[in-house]
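FYI, it's all coordinate maths here, none of it is from the lab. Quantities reported herein were computed from a predicted structural model and do not represent experimental measurements. Backbone-built Cβ (ideal geometry, glycine too); neighbour counts: all protein chains shown.
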Amino acid sequence: MKKHIIFILLALIALVFVVAFGMTTYRYYQAIHSDDPLDPYISVEKWNATIARGDIAIDLTKPESYEIKEKDIIITRDDSLAMVVWPDHSITRLSANSRLIIERMQVANDYSKIELVATLESGKSWSNIVRTLYPDSRIEFKLPKSGTVAWVRWTVFEINLDDNYIHSVDHSVTLKNTFGNIVTLLPGEAVQADNILKKITTALDTTWISINQAKDDTYMTVRDTSLRATYSLLAWKDAAFGIWDRFVRWILSWFSVFQDISVIESIQSGITEGVAIPQTILMKWYQSFQGQDFVLERDKIRWTIITIKDTFTNGDQIIENLARGSLWDMASASGFTLQNTQAILNTYSQKTGINLDLLTNQFKKIDTNALSNESKIIYEKLFK
């Protein structure tokens, strides 16, 4: 009888252990994959919309959502509003009487390559792109009536065909017309949609802008909260951290699928020497934190990339891209010092022999007569 009781107790203890271990493991698994590429979909926020898929019409009404595929045509009706959620968590909202053709939606698991291509035939769109782009990536919006192509990275911008303008809200938008002319819009700038060489300062749809900025605030706040919770869970913990969680982490460290935990711990603690950090994992988390106000965490990842760049494929090219982004911070911060970014740039300068302050000063003294008109405009806005 006692043997049976002991067996039952051991079985119960084992069951509790397995359930607790499973729940903790699943919590870590969810955190690791919380910002992974998702299945793209459209969500109807007001009235109705239609997905034209070949010979099939899929009608949706608020608050329905539905998966979207390449070659789908999104059509919104009178007084409607719909939101396209792209695989990389970027979003595009469509106003009433809009027509958007989805041409390409391909995203690598680590966001090292992103291809989002769409054609806006009518109406107006508002896009919030939450990723930066690396070589071989592209995010393009085509306007067939004017032949204009807009390509962006980590940008908020709108295309309003009803009022005939393209407007960069945050960061920059690069435009190209059928004649090969290229124009770069800096934040706040707008041009005519059918003539990108003609800039405008009035006639913007302020109601549409206000609606989307309010919705963006909500979307980015939720996203920011989620990412911070993820980072907090995965990051290195001090001695007060629970014995149980430390035990679970120790077991999970044997499995490569949970290697993100050790990577984030190493980045957060600053101990990266001798730690094998896969490029795919490191770049995935850089991409996640790049799109948010994670200045400290983002710069720790920058620093980690710099310290182990020799183990990367095209490591120097990656560092060049990151340094260029930091240099943009220096040039556009209106005198405010981004201390973490500056410290990393200084260390990078010491390692490479590149004097970034001197480089910035050289940029400021450049002979603008050698620049194209578009480059001259950008130069004057950054350095004058």
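Worth a mention:
- Extending 7 Å from the Cα toward the beta-carbon at both Thr206 and Asn321 defines two label points whose distance is 3.9 nm.
- Whole-number percent relative contact order across region 1-81, with pairs defined as alpha carbons under 8 Å at least 6 apart: 26
- Just checking the listed ones, Asn314, Asn369, Asn48: in the Gaussian network model of the chain with Cα springs under 10 Å, the one fluctuating most is Asn369.
- For region 41-204, convex hull of alpha carbons as volume per residue, Å³: 108
- Taking only the alpha carbons of region 1-125, we obtain Rg and Dmax values of 23.1, 79 Å in that order.
- The Cα atoms of the chain define a convex hull whose projected area, averaged across directions, is 25.5 nm².
- Choice from Leu12, Leu204, Leu233 showing the highest fluctuation, given a GNM over the chain with Cα pairs closer than 10 Å: Leu12
- The value of relative contact order for region 95-251, using C-alpha pairs under 8 Å at least six residues apart, is 13 percent.
- When Trp47, Trp303 are arranged by Cβ crowding within 10 Å, least crowded first, meaning fewest neighbours, the order is Trp47, Trp303.
- C-alpha center-to-center spacing [region 343-363, region 92-150] in angstrom: 35
- Springs between Cα atoms under 10 Å define the GNM used for the chain, and in it the highest mean-square fluctuation of Gly270, Gly54, Gly123 occurs at Gly54.
- Dipole magnitude of region 49-128, debye to nearest 20 (Cβ charges: Lys/Arg +1, Asp/Glu -1, about Cα centre): 140
- When the Cα positions of His89, Ile166, Thr341 are compared along the charge dipole of the chain, Thr341 comes out farthest toward the positive end, with charges on each C-beta of Lys, Arg, Asp and Glu.
- Evaluated at q = 0.09, 0.14, 0.20, 0.21 Å⁻¹: base-10 log I(q)/I(0), Debye formula over Cα of region 174-314: -0.48, -0.83, -1.18, -1.25
- Each Lys and Arg contributes +1 and each Asp and Glu -1, all at the Cβ; summed about the Cα centre of region 41-204, the dipole is approximately 320 debye.
- With 19 Å as the limit, the listed pairs Lys113/Lys351; Lys309/Lys364; Lys124/Lys215; Lys198/Lys364; Lys46/Lys124; Lys176/Lys364 have Lys113/Lys351; Lys309/Lys364; Lys198/Lys364; Lys176/Lys364 beyond it between alpha carbons.
- Restricting region 114-221 to trypsin sites (Lys or Arg not before Pro) that sit in a DSSP loop and have at most 13 other Cβ atoms within 10 Å of their own Cβ leaves Lys145.
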